[in-house]
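Chemist: Dropping a structure here in structure tokens format, bear with me for questions.
The values are calculated or read from the model by the stated rules, or taken from the named source; none is laboratory data. Note that the structure is predicted; figures quoted are calculated from it, not measured. Cβ placement follows ideal geometry from the backbone for every residue including glycine, while neighbour counts extend to all protein chains displayed. Areas reflect the complete protein model, heavy atoms only, side chains present, ligands, DNA and RNA absent. Shrake-Rupley method; radii C 1.70, N 1.55, O 1.52, S 1.80 Å.
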Amino acid sequence: NRYRFYDRTTTAEKVDSIDFRTWDLSTIFHEISVHFDASLQKPLELQQLKVDAYKGILNEQKGSELYRPSLFDLLAHSALDFYKTSENSITRPADKFELDNPEILCEGKQFVEQQISTKDNTSLHFKAIILYQQLLDFHFQDPTDEAYVEVDIERLKYIKENAVFANKDQQYLEVLQNTAESIKHNKSWALYQYEIAMLYREWGNSYQPNIKEEHRWQQKEAMAVCESVIDKFPNSRGAEKCKVLKSEILSKELQLTGERHIPINLPTRLLVKYRNLHSLQLSARKISQKEIKQLNGIYPEEKILAFI
């Protein structure tokens, strides 16, 4: 129903304090935020409550207690799902909070120690950052613990995606490398290495022959990182992720683009985009308009090929 609220004028007070259907978008977001804030008002007490005590009312995934060991973890991540919402239609102040300081993209210890403040009390970005600080500080006694590593990587990716300063990708890479180096003898190292491989793959996908040559060999570097992880910690979760990424990089792809209208008795070109293929054989078939209509109504692929 969000489209119903987009064009509503922001009011100083609620038109109806009970019926949320009469509120404007900013009021709705503010009210939701109030309740999430209230759920986290006593973090120290919540951190002492183990999530096991609430199994009777939770839908659990196997092994989830490693990443959400306390009630604080559970409620904090529930709030983060909202705070990380991308919503550009909320009325914001002129001095709105933005992730514009490069120092915020740093290793976990420096991040927790930063004093971050704002006058923008509507900022979901600010609430998310503060909550990431609290989560990392809570789990900081063991930087190799699954709960800490999961939150730290999630935090770094969130900042990279929403930061507005220059060279954030390169800085993100350096932070991942430095953090991985500090725990290189622990299996959690593999999870940071996997994120490095993912970044290399992202860069590699941006390569365009003769147009954008900068990241030509990044896919190869991503493969090398994956192989080093699988070799060093073969039974780790990071290795499992790297195996999937490696298979995706090696997967075969083919895309053919032809002209909609081809001139009679004249040569025409076909654009071929491919990956992990060494040869290609093409054959042409004569087809009538009637057969084209039949062909367009056929699926799946096996029946299409059989018809051709």
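Chemist: With unit charges on the beta carbons (Lys and Arg positive, Asp and Glu negative) and the dipole taken about the Cα centre of the range 264-308, which residue among 300, 264, 274 sits farthest to the positive side?
Modeler: Selected residue: 264.
Chemist: Provide Rg and Dmax in Å for the range 152-230, with only Cα atoms included in the calculation.
Modeler: 13.2, 42
Chemist: Over its Cα atoms, what ratio of radius of gyration to 2.2 N^0.38 Å does the range 72-121 give?
Modeler: Working it through for the range 72-121, the quotient is 1.37.
Chemist: If you don't mind, another one. Among residues other than residue 179 whose Cβ falls under 12 Å from its Cβ, what is the net charge (Lys/Arg +1, Asp/Glu -1)?
Modeler: Here the count lands on -2.
Chemist: Which distance in Å, rounded to a whole number, links the C-alpha centroids of the range 1-75 and the range 173-190?
Modeler: The range 1-75 and the range 173-190 have Cα centres separated by 33 Å.
Chemist: Treat every Asp and Glu Cβ in the range 18-80 as -1 and every Lys and Arg Cβ as +1, leave all other atoms uncharged, and give the resulting dipole magnitude about the Cα centre to the nearest 20 debye.
Modeler: Charge dipole, the range 18-80, about its Cα centre: 240 debye, nearest 20.
Chemist: Let me ask another. If the cut-off is 18 Å between C-alpha atoms, which lysines fall inside it for residue 220, apart from same-chain ones fewer than 8 positions away?
Modeler: Result set, ordered by chain and number: 212, 241, 243, 246, 252.
Chemist: Normalised radius of gyration for the chain, please: alpha carbon Rg relative to 2.2 N^0.38 Å, two decimal places.
Modeler: 1.33
Chemist: Continuing with this model, one more query. Just the isolated ones, please: cysteines in the chain lacking another cysteine beta carbon under 4.7 angstrom.
Modeler: 106
Chemist: For residue 250 and residue 19, compute 0.36 nm times the residue count separating them, minus their Cα-Cα distance, and round to one decimal in nm.
Modeler: Using 0.36 nm per residue and subtracting the Cα-Cα distance, I get 77.7 nm.
Chemist: Let me check I've understood the local charge: for residue 22, count other residues with C-beta under 13 angstrom from its C-beta, Lys and Arg +1, Asp and Glu -1. What total comes out?
Modeler: -1
Chemist: Another question, if that's okay. About its Cα centre, how strong a charge dipole does the range 223-293 have in debye, to the nearest 20, once Lys and Arg get +1 and Asp and Glu get -1 at the Cβ?
Modeler: Taking the Cα centre of the range 223-293 as origin, the dipole is about 320 debye.
Chemist: Taking only protein heavy atoms and a 1.4 Å probe, what accessible area per residue, in Å², does the chain have with all protein chains in place?
Modeler: Counting only protein heavy atoms, the per-residue value for the chain is 68 Å².
Chemist: Another question, if that's okay. Put +1 on the Cβ of each Lys and Arg and -1 on the Cβ of each Asp and Glu in the chain; which of 110, 63, 33 then has its Cα farthest toward the positive end of the dipole?
Modeler: Checked the options; the winner is 63.
Chemist: Right, next: Evaluate the range 33-115: find the radius of gyration of its Cα atoms, find its Kirkwood radius, and give the ratio Rg to Rh.
Modeler: Radius of gyration relative to Kirkwood radius: 1.04.
Chemist: Also, quick follow-up: Could you work out how far helix 218-232 tilts from the main Cα principal axis of the chain, as a 0 to 90 degree angle to the nearest 10?
Modeler: Here the helix axis deviates by roughly 60 degrees.
Chemist: In a shell of Cβ-Cβ distance under 12 Å around residue 228, excluding residue 228 itself, what net charge do Lys and Arg (+1) and Asp and Glu (-1) give?
Modeler: Neighbour charge sum, excluding residue 228 itself: 0.
Chemist: Which of the lysines could be linked to residue 42 by a straight reach, that is with a Cα gap under 25 Å, when you skip same-chain ones fewer than 8 residues away?
Modeler: Candidates past the 8-residue exclusion: 50, 55, 84, 109, 119, 127.
Chemist: Assign unit charges at the C-beta atoms only (+1 for Lys and Arg, -1 for Asp and Glu), then state the dipole size of the chain relative to its Cα centre in Debye, rounded to the nearest 20.
Modeler: The calculation lands at about 1740 debye.
Chemist: Summing -39500 (n - 2.57) over the DSSP H runs of n ≥ 4 in the chain and dividing by its residue number, what mean residue ellipticity at 222 nm do you reach, to the nearest 500 deg cm²/dmol?
Modeler: -15500 deg cm²/dmol
Chemist: Still on this structure: In Å, what Kirkwood hydrodynamic radius results for the range 185-308 from the alpha-carbon pair distances?
Modeler: This gives a value of 18.2 Å.
Chemist: Using a 1.4 angstrom probe on heavy atoms only, work out the carbon and sulfur share of the accessible area of the chain in %.
Modeler: 50 percent
Chemist: Could you let me know the centre-to-centre spacing of the range 109-158 and the range 249-295, using Cα atoms, in angstrom?
Modeler: 50 Å
Chemist: So which GluC sites (Glu not before Pro) in the range 1-47 end up in coil per DSSP with only 12 or fewer other C-beta atoms within 10 Å?
Modeler: Taking the range 1-47 and a limit of 12 other Cβ atoms within 10 Å, the loop GluC sites (Glu not before Pro) found are 13.
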